[in-house]
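Just so you know, all these numbers are worked out from the coordinates, no wet-lab data involved. In this text the structure is predicted, and so the values were computed from the model without any measurement. All Cβ positions, even for glycine, are placed from backbone atoms using ideal geometry, and neighbour counts span all protein chains on display.
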Amino acid sequence: MLSALLLSVGDTALASFMRQSAIAYPIVSSAHIIGLGFLIGAIALLDLRILGMVQRAHIVDLARLCSRFAAIGLCLAFVSGVMLFSVQPTTYLNNSAFLLKIALIGIGLMNVAIVHRLPQWSTLLETGAISPVLRVTAFTSIMIWLATIVAGRWIAFV
Amino acid sequence: MLNNHIKTMVVGVVATLVFWAATAAAHHGWNWAEEEQTEMTGTITEIYIGPPHPRLMIDTPDGPWQVDLGNPRQTRDAGFVDGVAEVGDEVLIRGHRHLDEDEKLIKAVRATINGTDYTFYPHLLQED
């Protein structure tokens with residue numbers, strides 16, 4: 001059911017446009033990288049600030065700004081990612097690195113959902129106080145997103 | 001002190017990831033393939049013309065092989081476009097096999113189908 005839906009992405013007009021156009025794929029691929037830059041850049045900066053490896057920035061401002069930038073990056077990466085996927089869904093669904101990448105994104109987003117529900121996160125946004133639990137989630141976060149990049153790049157080498 | 005500990009961990013993990021990525025990056029040139037050009041014949045089982053990389057799947061006496069063609073532009077410039085070949089056609093591939101014998105992958109320099117040559121890398125073609 002789910003895989004039938006995912007495979008049908010390849011039958012859309014958008015997918016055949018992506019396959020036939022000489023410029024669509026490189027442009028969408030660039031958009032995907034720009035999305036990753038926003039997403040990982042913002043996440044890394046905030047995580048390193050929470051972990052104490054970056055100390056200059058004001059944590060309250062940084063937390064709000066980075067969360068927003070990461071969300072924008074995620075939207076861009078998601079939309080462009082679906083378009084890149086549509087070009088050959090069967091191949092990607094049979095690619096272990098792709099499946100690992102999707103699983104890592106799922107774990108990363110669960111981490112986001114958990115963090116944003118933590119009272120410690122609200123405290124951080126209000127007072128700037130960094131509780132130990134947030135250091136744990138920040139460390140988890142940076143590792144998951146870096147691993148996602150590696151898994152994503154690995155798709156071409158499976 | 002916890003900070004130093006975390007720093008050490010992060011540096012260790014990142015260094016591992018970078019090394020891992022670097023060993024993989026070696027794949028993207030042609031140094032993963034044999035220097036020597038060889039030929040193989042097979043029956044086309046799948047044709048993909050499009051980004052990021054056009055390819056054929058072929059059945060050979062040695063089992064199924066993947067044939068990587070040129071990039072989308074090189075493949076089009078070689079004249080290999082939708083309709084020139086069909087699943088079931090015999091194809092003669094000239095190219096570079098993967099160094100690892102277990103990897104059934106050949107990088108095509110030229111494909112010959114129904115008597116027509118499609119040369120993806122004219123400057124790399126070595127004639128016997």
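Selection of the stretch A:16-61 for residues being of a type in the set (Asp, Glu) and either within 11 Å of another protein chain (Cβ to nearest Cβ) or surrounded by 14 or more Cβ atoms within 10 Å (Cβ to Cβ) (or both) yields only A:47. Residue count for the stretch A:1-15 satisfying the condition of being assigned to a helix (DSSP H, G or I), more than 11 Å from chain B (Cβ to nearest Cβ) and either aliphatic (A, V, I, L, M) or buried (at least 17 other Cβ atoms within 10 Å of the Cβ) (or both): 8. The set of residues from the stretch B:53-95 being in contact with a His (Cβ under 8 Å, 6 or more places away or on another chain) and in a strand (DSSP E or B) comprises just one member, B:68. For residue A:110, indicate whether it is over 30 Å from residue A:21 (Cα atoms), within 14 Å of the chain's Cα centre (by Cα) and surrounded by 15 or more Cβ atoms within 10 Å (Cβ to Cβ). Considered against the rule, which asks whether it is over 30 Å from residue A:21 (Cα atoms), within 14 Å of the chain's Cα centre (by Cα) and surrounded by 15 or more Cβ atoms within 10 Å (Cβ to Cβ), residue A:110 comes out as no. Residue count for the stretch A:53-70 under the criterion of being in contact (Cβ under 8 Å) with a residue 24 or more places away in the chain and among the β-branched types (Val, Ile, Thr): the result is 2. Restricting attention to the stretch B:85-112 and to residues that are without any contact (Cβ under 8 Å) to a residue 40 or more places away in the chain and surrounded by 15 or more Cβ atoms within 10 Å (Cβ to Cβ), the residue that is farthest from residue B:32 (Cα to Cα) turns out to be B:112. Can you name the residue in the stretch B:33-82 that is among the aromatic types (Phe, Trp, Tyr) and in contact (Cβ under 8 Å) with a residue 24 or more places away in the chain and is also nearest to the other protein chains (Cβ to nearest Cβ) among such residues? Taking the candidates together, the pick is B:80. Take the stretch A:12-30 and flag every residue that is farther than 13 Å from residue A:82 by Cβ and touching a Phe, Trp or Tyr at 6+ places or on another chain (Cβ under 7 Å). Once the filter is applied, which keeps residues that are farther than 13 Å from residue A:82 by Cβ and touching a Phe, Trp or Tyr at 6+ places or on another chain (Cβ under 7 Å), the stretch A:12-30 yields only A:24.
Scanning for something over 19 Å from residue B:54 (Cα atoms) and in contact (Cβ under 8 Å) with a residue 60 or more places away in the chain, does the stretch A:13-34 turn up at least one residue? No: zero hits. Counting only residues that are within 14 Å of chain B (Cβ to nearest Cβ) and among the aromatic types (Phe, Trp, Tyr), which one in the stretch A:99-158 is farthest from residue B:105 (Cα to Cα)? So, considering only residues that are within 14 Å of chain B (Cβ to nearest Cβ) and among the aromatic types (Phe, Trp, Tyr), the one farthest from residue B:105 (Cα to Cα) is A:139.
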